[in-house]
Amino acid sequence: MALLDTTALRVTYGGLRALDDIDVTVEQGQLVGLIGPNGAGKTTFIDALTGFTPATGGIRFADQDITSLPAHRRARLGLARTWQSLELFDDLTVVENLQVAADRQSAGGFLLDLIRPRRARDTSAVERALATLGLEELRTRMPGELSQGHRKLVGVARALTAEPQLICMDEPAAGLDPVESLALGAELRKMVDTGVTIFLVDHDMSLVLTVCDYLYVMEFGQIIAQGTPAQIRANERVIAAYLGEQGDPNDHPEAPA
């Protein structure tokens, strides 16, 4: 069943079409990837999906038209995202970073915090996120004490605490070495096994070709190919987009073996 559908999605900056009539479908329970060269429009697509960039066309999520909804209402429906820049709170522990995202703020909750700032919180979503990503032993650590790979996982866990239906991940493997990237991929597959659907944008071809169920390839704001990882590996247009010549996409310098 399709969890997310975009129809002729377009983002324009002046006379530049950053996204040009993009049709993408994300099936529930899958890990779907979007790849492409630098400047292809991948982050712009996530920004448009999650409501941080104005777009025309259509977006349906969980059988609702969300095209005109603001970002916070899309998030409350279960459409979450991560960012290229982690922006963790360095003065809070790992578990406190996650609790910030788990708390659903309201006017009444804000007033209650003023009266009872140390009131008990529901930590069940935080505990599930820590367990899913294997971060329990790091719960009391500060972000500055963690490796880059673990910091990335904390960023993913923070999105997971909101218990979304779909998480859009923007370059989660950026800055990771091949071993850390491989470990990240294993954790993403574990998340999908728990019922979370993932839309993954990343430059690491080894990662996306290994963990994704289905892939879209973007160049200059347009989808130039889609299919299974095996089909994408053999697509000559994809190879040309990355290398400018015949070759194996896995040989791209941004795709460590």
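Bear in mind that the values in this text are calculations on the coordinates, not laboratory data. Remember, predicted model here, so these are calculated numbers, not experimental data. Cβ atoms come from the backbone with ideal geometry, glycine included; neighbour counts cover every protein chain shown.
The table for this structure:
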quantity	calculated
Calculated [θ] (222 nm, deg cm²/dmol) that DSSP helices of n ≥ 4 give over the chain, each run adding -39,500 (n - 2.57)	-10000 deg cm²/dmol
The chain: antiparallel DSSP beta bridges as a percent of all, rounded to 5	55
Tensor-based shape of the chain (alpha-carbon gyration tensor, a/c under 1.5 rounded, otherwise prolate or oblate)	oblate
For the chain, the longest site-free run once trypsin sites (Lys or Arg not before Pro) in DSSP loop states with at most 11 other Cβ atoms within 10 Å are removed	122-257
Karplus (6.51, -1.76, 1.60) ³J(HN,Hα), θ = phi - 60°, over the stretch 177-191, in Hz, Gly and Pro reported as x	7, x, 5, 5, 5, 5, 5, 4, x, 4, 5, 5, 5, 4, 4
The chain, relative contact order in percent, only Cα pairs under 8 angstrom and at least six apart counted	25
